[in-house]
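K.L.:
Starting off with a structure, shown below.
The values are calculated or read from the model by the stated rules, or taken from the named source; none is laboratory data. Everything quoted here is computed from the prediction, not taken from an experiment. Virtual Cβ from ideal backbone geometry, glycine too; neighbours counted across all protein chains shown. Quick note on the areas: whole protein, heavy atoms, side chains included, nothing else; ligands and nucleic acids left out. Shrake-Rupley method; radii C 1.70, N 1.55, O 1.52, S 1.80 Å.
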Amino acid sequence: MSNVAAATFGLDEALEQLGLGEINEGTSTGSNNFGSGEVIESYSPVDGDLIGKVTTTSKEDYEKVMTAASQAFTFWRKVPAPQRGEVVRQFGEKLRELKEPLGKLVSYEMGKSYQEGLGEVQEMIDICDFAVGLSRQLHGLTMHSERPGHRMYEQYHPLGVVGIISAFNFPVAVWSWNTALAWICGDVCVWKPSEKTPLCGVACQNIIAEVLKENNLPEGISCLINGDYKVGEFMTHDKRVPLVSATGSIRMGKIVAQAVAARLGKSLLELGGNNAIIVTPDADIKMTVIGAVFGAVGTAGQRCTSTRRLIIHDSMYDQVKKALVDAYRQLRIGNPLDENNHVGPLIDKDAVKMYEAALEKVKTEGGNILVEGGVLTGEAYESGCYVKPAIVEAENSFDIVQEETFAPILYLLKYSGGVENAIAIQNGVVQGLSSAIMTNNLREAEQFLSAAGSDCGIANVNIGTSGAEIGGAFGGEKETGGGRESGSDAWKIYMRRQTNTINYTTELPLAQGIKFDL
Ligand code: NAD
């Protein structure tokens, strides 16, 4: 690692601790990856430097991975769930030990701030804790049989090989949301991380592989496959993968959903959002501005829950607009490893092009640019991925406003009249992930949360749209895909439900009172 910033940041040491010391050699990945395909080079959006190379998974390699995973499943499904939980507990402990190096890699490879990198690893630790407790609570219901001397209940069994396809913006947390639950449920996992953040995938695989080895467990319980969509397609078309959990764009989700449905598999889809905050006449302006600015520019607008639209009551519009423009003037854009900066880079130059195209499009549709965007140049921005957060006055009906642009562009939309008009605007997009209302008015808040309110999977009051706690089920409706991950009863998707009826008499009465005398 030649780069001065990365060296000061301690990246070499972090890579060493994560078992990635030799990664520049073009190594294969993770203990049970048989990578023999092309090599992906991973460049940091922070400074444009090459961090390392990863070998992709060929079809032949994939077959070996699936054999290892399928064999591991025949063993793992018989291990009692609390013992599986103990392995997840140890994995969480390892993550605690490696929180700093893994947080550094996440930050440097993805481009989010170090604080957010650490936060992402903390989410992994939290979901492990959650899963450990859950490993003693995989309960089903019992119900009374209509037949005398019969007992009826339902139980949950593991599914098998769970395929995980993840996006670049949460390069490690999304995997753990799936795996921690899937493992305690008795499944084994095959993960294809984003081709834009492959080293994060290798690092995670190395961590779990060590835990499995220490416990004398088959390494096929956790498998890694690397590459782009073509490698993802190995799993979506594979009948041996009963559940594919896919996180990414709506475009990807539509393709994955169709491929998995064509073989009647299950898919768990966590797709794009177009999240809005409603600002009512009773909103606290200070809280609104903090929530909106963090939601719009945090992670450079590359969170699925990023705030993209602000729906402001006309009586407050000018005041909120001014406060936002003032706040944007104070934003510091630059190296995300420097904690004084608020906004880091986009993931790559393609993302920069999409950001520029969106700003052009909103202008042609009649949008009024309030805070000018643009790509930053100069030594501090040499990766070419740093852009200025922009604010645009727009209409919800604009084509570009209807789309999710994965960049820091915030659209201001005006509403008048009652909160139901704001809710109609908020719901007037195809996505349904996260939503929020800023109000001190109980009636408005409850209306927003009611069945006639927000149609999103997440609806917050006096909190922005961005971020979520692992204890709640996470996911969205409509074209966001309908999947739920993480807390609550999201574990059920990783299991198959079986209804059992036991007859402890010497008679064989039939259900529904049917007589069948012989
Ligand atoms: P993307 O759709 O380009 O890629 C996501 C993953 O899907 C990658 O691993 C990619 O290789 C794989 N993939 C793409 N096409 C595929 C196909 N046909 N078959 C199988 N796999 C395929 O998304 P991205 O740019 O990495 O991430 C940004 C998107 O992810 C945004 O839309 C964001 O909102 C969304 N996202 C959603 C959530 C959520 O929980 N709802 C979380 C994070 C990101």
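K.L.:
Along region 191-208, what does the Karplus equation 6.51 cos²θ - 1.76 cosθ + 1.60 (θ = phi - 60°) give for ³J(HN,Hα), rounded to whole Hz, x for Gly and Pro?
P.N.:
Ordered by residue, 3J(HN,Hα) equals 10, 10, x, 4, 5, 8, 9, x, 5, 4, x, 5, 4, 4, 4, 4, 5, 5 Hz.
K.L.:
Go ahead and collect, in residue order, the members of region 222-253 whose backbone nitrogen is under 13 Å from a label point 7 Å along the Cα-Cβ direction of Met354.
P.N.:
Within reach of a label on Met354: 248-253.
K.L.:
In bins 10 Å wide, starting from 0, what share of all Cα pairs of the chain does each bin hold, as a percent?
P.N.:
Binned Cα distances yield the sequence 4, 18, 27, 24, 16, 7, 2, 1, 0, 0.
K.L.:
Please report how many Lys pairs in region 275-469 have alpha carbons closer than 23 angstrom, counting only residues at least 8 apart along the chain or sitting on separate chains.
P.N.:
Lysine pairs meeting the criterion: 21.
K.L.:
Also, quick follow-up: Which whole-Hz couplings ³J(HN,Hα) result when phi for each residue of region 224-240 is put into the Karplus expression 6.51 cos²θ - 1.76 cosθ + 1.60, θ = phi - 60°, listed in order with x for Gly and Pro?
P.N.:
Those phi angles translate into 10, 10, 10, x, 8, 4, 5, 6, x, 5, 3, 7, 5, 9, 9, 4, 6 Hz.
K.L.:
In addition: Just to verify a number: what accessible area does Ser222 come out at with the full protein assembly present, 1.4 Å probe, Å² rounded to tens?
P.N.:
Ser222 exposes around 0 Å² with every protein chain in place.
K.L.:
Check which residues have an amide H placed less than 5 Å from Ala283's amide H, if you skip close sequence neighbours.
P.N.:
The list, which skips near neighbours in sequence, is Asn440.
K.L.:
Next question. Kindly report, to the nearest 10 Å², the accessible surface of Met235 as traced by a 1.4 Å probe over protein heavy atoms only.
P.N.:
0
K.L.:
If we count every other residue with Cβ under 13 angstrom of Pro389's Cβ, Lys/Arg +1 and Asp/Glu -1, where does the sum land?
P.N.:
+3
K.L.:
Out of region 425-518, which GluC sites (Glu not before Pro) are coil in DSSP terms and have no more than 14 other C-beta atoms within 10 Å?
P.N.:
Those satisfying the criteria are Glu469, Glu507.
K.L.:
Let me ask something else. Quickly estimate the mean residue ellipticity at 222 nm for the chain, helices only: each DSSP H run with n ≥ 4 gives -39500 (n - 2.57), and the total goes over all residues, rounded to 500.
P.N.:
-11500 deg cm²/dmol
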